[in-house]
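The values are calculated or read from the model by the stated rules, or taken from the named source; none is laboratory data. Nothing here was measured: the structure is a model prediction, and the numbers come from that model. Using ideal geometry, Cβ is built from the backbone for each residue, glycine included, and neighbour counts are taken over all protein chains shown. For accessibility, only protein heavy atoms count, side chains too; no ligands or nucleic acids. Shrake-Rupley method; radii C 1.70, N 1.55, O 1.52, S 1.80 Å.
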Amino acid sequence: MGDVTIGVLALQGDVGEHMHAIERAGGRALEVKTLDALNGVDGLIVPGGESTTVMKLLERFSLVEPLRARVRAGMPLWGTCMGMIVAAREVVGSPQPTLGLLDVAVRRNAFGRQSESAEVELDVAALGSRPFPAVFIRAPWVERAGSSVDVLASLDGHGVLVRQGNVLGSSFHPELTGDGRLHAYFVEMVRAAKIGKRTTAA
Amino acid sequence: MPKETGTLTVKRGLAQMLKGGVIMDVVTPDQALIAQEAGAVAVMALERIPADIRAAGGVARMSDLELVSRIMDAVTIPVMAKARIGHFAEAQALQELGVDFIDESEVLTPADDLFHISKESFKVPFVCGARDLGEALRRIAEGAAMIRSKGEAGSGNIVEAVRHMRAINDTIRALTVTPKEELVARARDLGAPYELVADVAEKGRLPVVLFCAGGVSTPADASLMMQLGAEGIFVGSGIFKSSNPKAFAKAIVDATTHYADPSVVVDAHKALSGRAMEGIDVRKLPESELLAPRGN
């Protein structure tokens, strides 16, 4: 327990909720606002929030390239809602810059404005037969995904939980529910990546 | 898979997604774009910013809906709009229009001098102002999904926001060490439902997100309020009443994100290249011109 340190990008968004969920899932949680903090984590969650805000802050505080380099070197990354938009290759119909770490085109506010924000019992085979309580808030969906992207769950015919190697993206907010299965899944991804790295180094 | 919209979780959840961010008052689509470009997490669509409402006097009502619509079309970030205290028909109209959040605000002239809107029955989330914990919990009991300090809007003076933020957080701290047998009496004194008081005593925080509003005009103001426990910042007149709105907007965003790092606040201040809005000594305002006492 606590053998992996998982950062939560803390430029803006629901940081505390993810930190609690990481601790409950057996990881050690760390707020990441600086390069120093980024260098001290084994995996990173980009939380829910506003994608335009966070992308601008990543640029202003020179975190874009270091973050890209860490993820390309194998550090697991999970983006929830805003985080998935920031991680994506592109935003449909928008010149909005992104990190380009997940080979998907996402549509922002795909389900509509706040009046369409909803709770849904979502089938996620990778998490077992019990549906997952998914909270969608002004949520994006995956409009197109590259061939190396696994779509782990869909809603209204569009991907809402996807994985490409060490990068996980979800349209919804597991950190707002008491269901820790997706955080446990990510903690395992981080653990596996850390063990793999140690093995390679040896 | 059936979808349930307008639940407590999605209403409070949107406020949670705004944490650590700055929400800016704007009166035109162009200003909304400046705010978004500076890194605002949301905009408040208004006809006049509070400083101008204060100067103009008269009755301040819900904004022109055509203007709110144009602002909604202009930006991708959430759009909030204000309804008068107790004016549930204005709130119904704003919900119908599709705004993402409604501020039942003391900045507008109250429509009901006794009762607030019953916010629980709406699908759209509401934010309300509060001066102390009792007021905050009464608004939450009515269904508010987010609380902000009232401060003294349009004054350019942070003193009232500091007073309100301290009052809310000091009382929360005191409740966490209050013996259980005293909580019913504390609920009576606060004028708030026992269940909410007991929940705050147990968790040491409000059940909804707490922002600061009313008087923020510089990056250091934003840093101050975040260090006093605000989870995010509303800036009303402070940006578009400054001499350099673009620079002020960006600097206040930077200082809110890195509120605990004085070196970032220094850089933010250096980048202002302009003057902050003129302020008002709140003690010199006649009682009839104070906004914070509206609604309780």
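General remarks:
- Per residue accessible area in Å² of chain B, where ligands, DNA and RNA are left out and the probe is 1.4 Å: 39 Å²
- Within chain B, helix-based [θ] at 222 nm, where runs of 4 or more DSSP H residues each add -39,500 (n - 2.57), nearest 500: -12500 deg cm²/dmol
- Virtual paramagnetic centre 7 Å along Cα→Cβ of residue B:205, amide N under 13 Å, in the range B:18-58: B:18-20
- Each of the peptides B:74-82, A:38-46 was scored by the mean count of other Cβ atoms within 10 Å over its residues; in descending order, highest first, they stand as B:74-82, A:38-46.
- Backbone amide hydrogens, once placed in the peptide plane, bring residue A:154 within less than 5 Å of A:160, excluding anything fewer than 5 places away on its chain.
- Once C-alpha pairs closer than 8 Å and six or more residues apart are averaged by separation and normalised to the residue number of chain A, the relative contact order reads 20 percent.
- Peptide A:105-116 - average C-beta neighbours from other chains (10 Å radius): 4
- Computed from label points 7 Å out along Cα-Cβ, the spacing between residue A:72 and residue B:271 is 2.6 nm.
- Inter-centroid distance (Cα atoms) of the range B:194-244 relative to the range B:52-122, Å: 20 Å
- Take residue A:34: with every protein chain present and a 1.4 Å probe, its accessible area is about 60 Å².
- For residue A:139, the shell of other residues with beta-carbons less than 15 Å away shows a net charge of -3, using +1 for Lys and Arg and -1 for Asp and Glu.
- Nearby lysines by direct alpha-carbon distance to residue B:246 (threshold 18 angstrom, same-chain neighbours under 8 apart not counted): A:56, B:270
- Within the protein assembly as shown, percent of DSSP bridges classed antiparallel, to nearest 5: 35 percent
- Taking each residue as 0.36 nm, the span from residue A:148 to residue A:92 lengthens on full extension beyond its C-alpha to C-alpha distance by 18.2 nm.
- When every Cα-Cα distance of the range A:5-201 is counted in 5 angstrom steps from zero, the calculated P(r) takes the values 1, 8, 18, 23, 22, 17, 8, 3, 0, 0, 0 percent.
- When the chymotrypsin sites (Phe, Trp or Tyr not before Pro) in the range B:93-160 are filtered for DSSP coil states and for at most 15 other beta-carbon atoms within 10 Å of their beta-carbon, the remaining sites are B:115.
- Only beta bridges with both residues in the range A:5-201 are counted; by DSSP, about 50 percent of them are antiparallel.
- Segment residue B:7-residue B:188, length gained on full extension (0.36 nm per residue, minus Cα span): 62.3 nm
- Using a 1.4 Å probe over protein heavy atoms, the accessible area lost on pairing A with B, summed over both chains, comes to approximately 3100 Å².
- Rounded to the nearest Hz, the phi-derived 3J(HN,Hα) couplings of the range B:203-217 under the Karplus curve 6.51 cos²θ - 1.76 cosθ + 1.60 (θ = phi - 60°) are 8, x, 7, 5, x, 10, 5, 10, 9, 9, 9, x, x, 6, 10, where x marks glycine and proline.
- What a 1.4 Å probe finds exposed on the range A:5-201 is 51% carbon and sulfur by accessible area, rounded to a whole percent.
- Protection proxy ranking for A:106-113, B:288-295, using the average of other Cβ atoms within 10 Å per residue and placing the highest first: A:106-113, B:288-295.
- Under 5 Å from the amide H of residue A:143 lie the amide H atoms of A:105, A:106, A:107, each residue being 5 or more positions distant or on a separate chain, with H modelled from the backbone and absent for Pro and chain starts.
- Across all directions, the average projected area of the convex hull around the alpha carbons of the range A:27-144 is 8.2 nm².
- Intensity falloff of the protein assembly as shown expressed as log10 I(q)/I(0), Debye formula with alpha-carbon point scatterers, at q = 0.06, 0.07, 0.11 Å⁻¹: -0.26, -0.36, -0.90
- Members of the range A:35-83 that become less accessible by 10 Å² or more once partner protein chains are added (1.4 angstrom probe, chain alone as reference): A:49, A:50, A:52, A:53, A:56, A:57, A:60, A:61
- Å² per residue, accessible surface of the range A:5-201 at 1.4 Å: 36 Å²
- Using θ = phi - 60° and Karplus 6.51 cos²θ - 1.76 cosθ + 1.60, couplings along the range A:160-173 (whole Hz; Gly, Pro as x): 10, 9, 9, 9, 10, x, 8, 10, 10, x, 10, 6, 10, 10
- Shape of the range B:165-296, Cα gyration tensor, a/c cut at 1.5: oblate
- For B:253-259, mean number of other protein chain Cβ atoms within 10 Å: 4
- Taking a straight line from the alpha carbon of residue B:180, these lysines sit under 29 Å away, with near neighbours fewer than eight places off in the same chain left out: B:203.
- Two-decimal ratio, chain B, of alpha-carbon radius of gyration to 2.2 N^0.38 Å: 0.95
- Per-residue [θ]222 nm for chain A (sum of -39500 (n - 2.57) over DSSP H runs n ≥ 4, rounded to 500): -9000 deg cm²/dmol
- Residues whose amide H comes within less than 5 Å of that of residue B:104, counting only those at least five positions distant or on another chain, are B:83, B:127 (H built at 1.01 Å from N in the peptide plane).
- Shielding by partners - mean other protein chain Cβ count within 10 Å, residues of A:138-146: 1
- Whole-Hz Karplus values for the range B:220-229 come out as 5, 4, 5, 4, 4, 5, 5, 5, 7, x Hz, taken residue by residue from phi with 6.51 cos²θ - 1.76 cosθ + 1.60 and θ = phi - 60°; glycine and proline positions read x.
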